[in-house]
1. Just the residues that are among the small types (Gly, Ala, Ser) and either without any contact (Cβ under 8 Å) to a residue 24 or more places away in the chain or touching a helix residue (DSSP H, G or I) at 6+ places or on another chain (Cβ under 7 Å) (or both), please, taken from the range 211-233.
2. Please return the ranges of helices (runs of 4 or more DSSP H) entirely within the range 135-251 where 1 or more residues are acidic (Asp, Glu) and surrounded by fewer than 19 Cβ atoms within 10 Å (Cβ to Cβ).
3. I'd like to verify a number: residues in the range 90-133 that are in a helix (DSSP H, G or I) and in contact with a Pro (Cβ under 7 Å, 6 or more places away or on another chain), how many?
4. Mind checking which pairs have a first residue in the range 126-143 that is within 23 Å of Leu70 (Cα to Cα) and a second that is among the aromatic types (Phe, Trp, Tyr) and within 15 Å of ligand 3 (Cβ to nearest atom), Cβ under 7 Å, 6 or more apart or different chains?
5. Taking the options Thr28, Thr17, Thr72, name whichever one is among the hydroxyl-bearing types (Ser, Thr, Tyr) and in a strand (DSSP E or B).
6. Which one is farthest from ligand 2 (Cβ to nearest atom) among residues in the range 45-60 that are outside any strand (DSSP E or B), touching a residue at least 40 places away in the same chain (Cβ under 8 Å) and not charged (D, E, K, R)?
Amino acid sequence: SRLASELSDSLEHDEFTLVYQPVIDVPTRRTAGAEALLRWNNRYLGAISPEQFVPLAEEMGLILPIGDWLLTAACREAASWLPLVSDPLRIAINVSPRQVQQGDIAGALECALQATGLPPELVTIEITESLLLASGEEVLRKIRRIRDLGAKIAMDDFGTGYASLSYLKHFPVDILKIDRSFVAGALAGGEDARLIEAIIALGHSLGMKIVGEGVETDEQMNFLAERKCDLIQGYRFSPPLVSERFRDFVTRS
Ligand code: G
Ligand code: G
Ligand code: MN
Ligand code: NA
């Protein structure tokens with residue numbers, strides 16, 4: 001397809017960029033870091049959503065080179081934030097299941113850290129529940145290697161898959177990200193609110209930090225804050241921002 005042929009040249013043509021969504025520390029309401037999100041702007045087709053091109057890149061075997069580019073670009077950006085603030089900002093990087101299964105993700109991260117000088121403890125790698133559920137010893141070893149480097153592991157979109165209590169206990173995860181669908185339903189007073197409370201209690205009892213995603217209103221923010229959610233992100237604070245705008249956000253807040 002046209003999309004596939006453009007995608008195969010996209011790295012060479014330097015068509016990828018990253019945007020950064022601020023992640024806010026709940027107790028202090030200060031910016032704790034950002035989640036890096038990939039954007040592809042093709043010179044003929046325009047902006048294409050990651051929901052469209054990530055699966056295609058996986059099929060085409062392009063997710064590894066794109067992933068290597070992304071790790072380095074995200075680490076370089078985060079290293080450039082070090083002089084801006086006294087408390088160093090963290091960077092969260094999404095990786096796709098295939099990127100972990102097929103590649104040497106820990107090795108790629110190690111290269112990116114070396115090339116950019118970013119301290120490893122400022123990096124969070126976001127993985128999905130489905131990766132852990134479908135994975136065997138080899139994937140677990142890879143994830144442990146990422147942690148051995150000093151980076152943290154977050155489970156993205158938590159609650160939408162099937163990870164059970166007993167699974168979580170055995171997985172090397174530091175952070176749970178509550179899926180935004182639960183946050184959207186939190187104020188209705190039903191199941192979503194109870195689920196959020198259960199996820200926070202579970203995560204905290206296992207020594208994990210909790211991130212609430214998709215926070216759009218003060219009411220959602222207060223709901224999560226009252227329940228001791230550690231970090232929040234969403235349009236209430238900021239959409240994903242291009243590099244310069246993220247810097248403005250940080251230096252203003
Ligand atoms: O940022 P946006 O709403 O366009 O993201 C849509 C989806 O694409 C989200 O589920 C997000 O996790 C995914 N996505 C965004 N950036 C990346 C990335 O860098 N790598 C991977 N694997 N997925 C990403
Ligand atoms: O699956 P993941 O969490 O990586 O998805 C990130 C995507 O969520 C980004 O594309 C971003 O644009 C989107 N997003 C970020 N904040 C909000 C929000 O407050 N509401 C909604 N609906 N989407 C959001
Ligand atoms: Mn994410
Ligand atoms: Na998410």
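1. Taking the range 211-233 first, the residues among the small types (Gly, Ala, Ser) are 212, 214, 225.
Within the range 211-233, Gly212, Gly214 meet the criteria.
2. On the way: elements: 137-149, 165-170, 180-185, 191-205, 218-226.
So the answer is 137-149, 191-205, 218-226.
3. Going residue by residue through the range 90-133, those that are in a helix (DSSP H, G or I) are 97-102, 105-116, 120-122, 129-133.
Filter again for in contact with a Pro (Cβ under 7 Å, 6 or more places away or on another chain), leaving 113, 122, 130-131.
Result for the range 90-133: 4.
4. Once the first residue is within 23 Å of Leu70 (Cα to Cα) and sits in the range 126-143, its partners that are among the aromatic types (Phe, Trp, Tyr) and within 15 Å of ligand 3 (Cβ to nearest atom) give Glu129/Phe158.
5. Working: Thr28 fails: in a strand (DSSP E or B); Thr72 fails: in a strand (DSSP E or B).
None of the other options fit; the residue is Thr17.
6. Filtering the range 45-60 for residues outside any strand (DSSP E or B) gives 45, 49-60.
Then keep just the ones that are touching a residue at least 40 places away in the same chain (Cβ under 8 Å); that gives 45, 52-54, 56-58, 60.
Retained after the next criterion (residues that are not charged (D, E, K, R)): 45, 52-54, 56-57, 60.
Values: Leu45: 19, Gln52: 12, Phe53: 13, Val54: 10, Leu56: 17, Ala57: 16, Met60: 21 Å.
Here the answer is Met60.
Residue-wise test of (1) among the aromatic types (Phe, Trp, Tyr); (2) closer than 30 Å to Lys228 by Cβ; (3) at pLDDT 95 or above.
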position: Ser1; (1), (2), (3): no, no, no
position: Glu12; (1), (2), (3): no, no, no
position: Val19; (1), (2), (3): no, yes, yes
position: Glu59; (1), (2), (3): no, no, no
position: Trp69; (1), (2), (3): yes, no, yes
position: Pro97; (1), (2), (3): no, no, no
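Per-residue answers, yes or no, for (1) away from ligand 1 (no atom under 12 Å from the Cβ); (2) among the aromatic types (Phe, Trp, Tyr); (3) closer than 19 Å to Pro239 by Cβ:
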residue: Thr17; (1), (2), (3): no, no, yes
residue: Glu35; (1), (2), (3): no, no, yes
residue: Asn41; (1), (2), (3): yes, no, yes
residue: Glu51; (1), (2), (3): no, no, yes
residue: Pro65; (1), (2), (3): yes, no, no
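The values are calculated or read from the model by the stated rules, or taken from the named source; none is laboratory data. Please read these numbers as outputs of a predicted model, since none were measured by experiment. In this analysis, Cβ positions are derived from the backbone assuming ideal geometry, glycine residues included, and neighbour counts consider all displayed protein chains.
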